[in-house]
Amino acid sequence: MPEIKLTVNHKVGLHARPASVFVQTAARFNSDIEVTHGDNTVNAKSILAVLTLGAHQGSEIIIKAEGEDAEDALKALEELVNDNFGED
Amino acid sequence: MKIVSGIPASYGIAIGPAFVFGHEELIIETTSIADPEAELQRFKLAREATGKQLDQAFLVTKKECGIEAAEIFNAQKMMLEDPELVGAVKNRVESELINVESALLETSEIFASQLEAIDDEYLSARALDIRDVTSRCLRNLLGNFDSPATSLTEPAIIVADDLTPSDTVLLDKSYVLGFCTAKGGSTSHTAILARGLGIPAVVGAGEGISEIQPGDSLVVDGDAGEVVINPDEDQLTAFRGRQKKFLKIQAEAEAITHKPAITLDGHQVEVVANIGNEDGIEPAHEAGAEGVGLLRSEFLFLERDNLPSEEEQYRSYKSIADAFGEKPVILRSLDVGGDKDIPYIDMSPEDNPFLGVRAIRLCLERPELFKPQLRAALRAGYGNNLKLMFPMVASVDDVLNVRSVLEQCRTELREEGQDLAEEMDVGIMIEIPSAAILADQLAEVVDFFSIGTNDLSQYTMAADRTNAKVATLASGFQPAVFRLIKMVIDAAHQKGKWVGLCGEMAGEILAIPILLGLGLDEFSMNPPAIPFAKRLIRSISMEHARQVAETALDLKSDREIREYIQKAVPEVNLS
């Protein structure tokens, strides 16, 4: 199962608008996608679950994907996080 | 009669009967079902109906109260379609053969309690949202659309523990006289809504309001942050008088807000707006601002993880300056450091950040930060009336140093063949006592001054304005600060330069007669204060203001000055 490790640089962390666009992006793909922060692993397509991760600015997150479009999904999420959730 | 104190969330005085907004508990019983597929089909239809209502609520709220209050309905829609929530409900219905109402209520409560358990104001508010959207979906499932909101059919003051977005979207706003809530702060949904509607509100009033009964006579004093329950006849008469006066003054003020600020004896001053970004343009125009006295450039640098490019800054400054045409727009260069931290700008920790490397001290150390901003400003000022202003100037050398960087930028731009403002007024903030003392020297090297009273007060009084124990020293009407302001204005006028003031004091109604009398040329304030400031300036004479200022400068304390102004200039009392 391919995975990537990223750092959340956005000021509000993986909350509010960044959390919404993260979940919406994940939802575009058919693969199963998981996001891990610390000891918690949750469904990346669930806004409620992603919020409970409590990933603040500077948090390291691991994203795993499984399915036919897994590589594309990871690439899209990596771009989103590294691009500061499209706020440039 | 009883008085309960809370947080003033929206100005004005409301008087009327209480409408107690009780959240009627939906009664959900767990029942067995035979056909899980049919049950899940009901769930799907109810989610679709809920989604449509949320879209509608978004549009209505956006129109009535603005985008900020409306966004919440989009977030709620995502929650209801959350795969974890929907999946868990589906599992329970299929494995336990129970009705979907019961499965939904229990599942969403698990998520709500998880979010609530994390100590975070933002996440607690999201718990309220899950419960709100669940309750809406349950009503769709049950075909029960009774809401306490729909029984508001005559003018009243809304009393509630707290109000959800779904509660307020259904209220007929023409009947809402005011709000008071037990919970919430100045950024709660109710507070944002009240300000959007221009209705008085007190929030966070605590348990004290739980004893309010439907129909009780109430006063919501949005100026003082107080709720008076069952006031006696005398109090009611007094509040009616204050309300009448406030409404009359508000109407007068709004009627003249597009007229110039001229005193009865013909002395004219400028009244301009403080704004933080493009969103401030429209409110400033509507309030009758004659330009922008303070454009805080920090907005472009916050909530991101890299420096805004010169191009991005140029576009933003230009769109704001162009929106005001020939009217002046004063851009303040980056004012960070102190308590304002930007994560991607590496600043070493300091023992005394307010006395450390902040504002131009930081910018002069970091040309990669400073030059793109100055280049963007010079380019943006082509064809409009953009001016530049530098914060935290302590000496003449500071001005010479920033001017030399500005000249470098100008030369570079000329060599590149870019359009730029060849003549742009350059001013400085007067916020360090040394700058006030040296105002005569500084007036020779700049085009204008703008006094920053927030910092000038804290540096003069040696009182940190973020420290509650000494904040009154820093925020007050201090005779020492008024004397410094007089020195600055006199020194500038002697050299033929003009002086503005862009601290909170410019919009404080009690300070205006003194500042006017001292000869201040420009008053820069938040847009909502502009109509009231113009009304006051137009209703007094410069001669009277001069006498008042002279007397006030000889008084010995904050309290004496306030009391004197209230007596000497009765026009300052708004209610």
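The values are calculated or read from the model by the stated rules, or taken from the named source; none is laboratory data. Here the structure is a predicted model, which is why all the values come from computation and not from measurement. Backbone-built Cβ (ideal geometry, glycine too); neighbour counts: all protein chains shown.
The number of residues in segment B:153-174 being more than 15 Å from B:Ala201 (Cβ to Cβ) and surrounded by fewer than 19 Cβ atoms within 10 Å (Cβ to Cβ) comes to 6. The helices (runs of 4 or more DSSP H) found wholly in segment B:485-575 and carrying at least 2 residues that are within 30 Å of B:Thr237 (Cα to Cα) and at pLDDT 90 or above occupy B:512-517, B:530-539, B:558-568.
Is at least one residue of segment B:156-174 more than 14 Å from every other protein chain (Cβ to nearest Cβ), part of a helix (DSSP H, G or I), touching a residue at least 60 places away in the same chain (Cβ under 8 Å) and over 29 Å from A:Leu51 (Cβ atoms)? Scanning segment B:156-174 turns up at least one residue that is more than 14 Å from every other protein chain (Cβ to nearest Cβ), part of a helix (DSSP H, G or I), touching a residue at least 60 places away in the same chain (Cβ under 8 Å) and over 29 Å from A:Leu51 (Cβ atoms). Hey, can you tell me all the residues within segment B:250-287 that are within 18 Å of B:Gly198 (Cα to Cα), crowded, with 18+ Cβ neighbours inside 10 Å, more than 17 Å from the chain's Cα centre (by Cα) and of a type in the set (Gly, Ala, Ser)? Of everything in segment B:250-287, just one residue is within 18 Å of B:Gly198 (Cα to Cα), crowded, with 18+ Cβ neighbours inside 10 Å, more than 17 Å from the chain's Cα centre (by Cα) and of a type in the set (Gly, Ala, Ser), namely B:Ala253.
Any residue at all in segment B:357-365 that's basic (Lys, Arg), under 27 Å from B:Val269 (Cα atoms) and part of a loop (DSSP other than H, G, I, E, B)? Scanning segment B:357-365 turns up no residue that is basic (Lys, Arg), under 27 Å from B:Val269 (Cα atoms) and part of a loop (DSSP other than H, G, I, E, B). If we scan segment B:423-440, do we find a residue that is within 27 Å of the chain's Cα centre (by Cα) and among the charged types (D, E, K, R)? Looking for residues that are within 27 Å of the chain's Cα centre (by Cα) and among the charged types (D, E, K, R), one finds at least one in segment B:423-440, hence yes. Taken as a whole, the condition of being in contact with a helix residue (DSSP H, G or I) (Cβ under 8 Å, 6 or more places away or on another chain) and farther than 19 Å from B:Leu378 by Cβ applies to B:Ala289.
For segment B:100-131, which positions are surrounded by fewer than 19 Cβ atoms within 10 Å (Cβ to Cβ) and either of a type in the set (Asp, Glu) or touching a strand residue (DSSP E or B) at 6+ places or on another chain (Cβ under 8 Å) (or both)? Once the filter is applied, which keeps residues that are surrounded by fewer than 19 Cβ atoms within 10 Å (Cβ to Cβ) and either of a type in the set (Asp, Glu) or touching a strand residue (DSSP E or B) at 6+ places or on another chain (Cβ under 8 Å) (or both), segment B:100-131 yields B:Glu106, B:Glu109, B:Glu116, B:Asp119, B:Asp120, B:Glu121. As a summary of the residue check, B:Glu368 satisfies the conditions (1) closer than 15 Å to B:Glu310 by Cα; (2) outside any loop (DSSP other than H, G, I, E, B); (3) touching a helix residue (DSSP H, G or I) at 6+ places or on another chain (Cβ under 7 Å) except for the one numbered (3). Restricting attention to segment A:22-54, the residues that are closer than 17 Å to B:Ile72 by Cα and surrounded by fewer than 15 Cβ atoms within 10 Å (Cβ to Cβ) add up to 1. When each of B:Ala394, B:Ala435 is tested for being within 24 Å of B:Ser524 (Cα to Cα) and in a helix (DSSP H, G or I), the lone residue that passes is B:Ala435. Is it the case that segment B:501-517 has a residue that's among the β-branched types (Val, Ile, Thr), surrounded by 21 or more Cβ atoms within 10 Å (Cβ to Cβ) and out of contact with any Phe, Trp or Tyr (no Cβ under 9 Å at 6 or more places or on another chain)? Checked against the condition, which is being among the β-branched types (Val, Ile, Thr), surrounded by 21 or more Cβ atoms within 10 Å (Cβ to Cβ) and out of contact with any Phe, Trp or Tyr (no Cβ under 9 Å at 6 or more places or on another chain), segment B:501-517 yields no hits at all. Could you tell me whether B:Leu400 is surrounded by fewer than 14 Cβ atoms within 10 Å (Cβ to Cβ) and out of contact with any Ser or Thr (no Cβ under 7 Å at 6 or more places or on another chain)? Yes, satisfied. Taken over segment B:299-310, the residue count meeting the criterion of being more than 11 Å from chain A (Cβ to nearest Cβ), without any contact (Cβ under 8 Å) to a residue 40 or more places away in the chain and not aliphatic (A, V, I, L, M) is 1.
Checked against the criterion of being touching a strand residue (DSSP E or B) at 6+ places or on another chain (Cβ under 7 Å) and aliphatic (A, V, I, L, M), the candidates B:Leu193, B:Leu138, B:Leu152 yield just one match: B:Leu152. Within segment B:408-421, being free of Cβ contacts under 8 Å to residues at least 12 places away in the same chain and in a loop (DSSP other than H, G, I, E, B) holds for one residue alone: B:Gly417. Looking only at residues in segment B:459-473 that are polar (S, T, N, Q) and not in a loop (DSSP other than H, G, I, E, B), the one that is modelled with the highest pLDDT is B:Thr460. For segment B:422-432, give me each residue that is within 30 Å of B:Arg483 (Cβ to Cβ) and part of a loop (DSSP other than H, G, I, E, B). Once the filter is applied, which keeps residues that are within 30 Å of B:Arg483 (Cβ to Cβ) and part of a loop (DSSP other than H, G, I, E, B), segment B:422-432 yields B:Asp425, B:Glu431, B:Ile432. Cβ-Cβ distances below 6 Å connect the following pairs, each with a first residue in segment B:235-262 that is under 22 Å from B:Phe523 (Cβ atoms), a second residue that is among the aromatic types (Phe, Trp, Tyr) and in a helix (DSSP H, G or I), and a separation of six or more residues or different chains: B:Ala253/B:Phe532.
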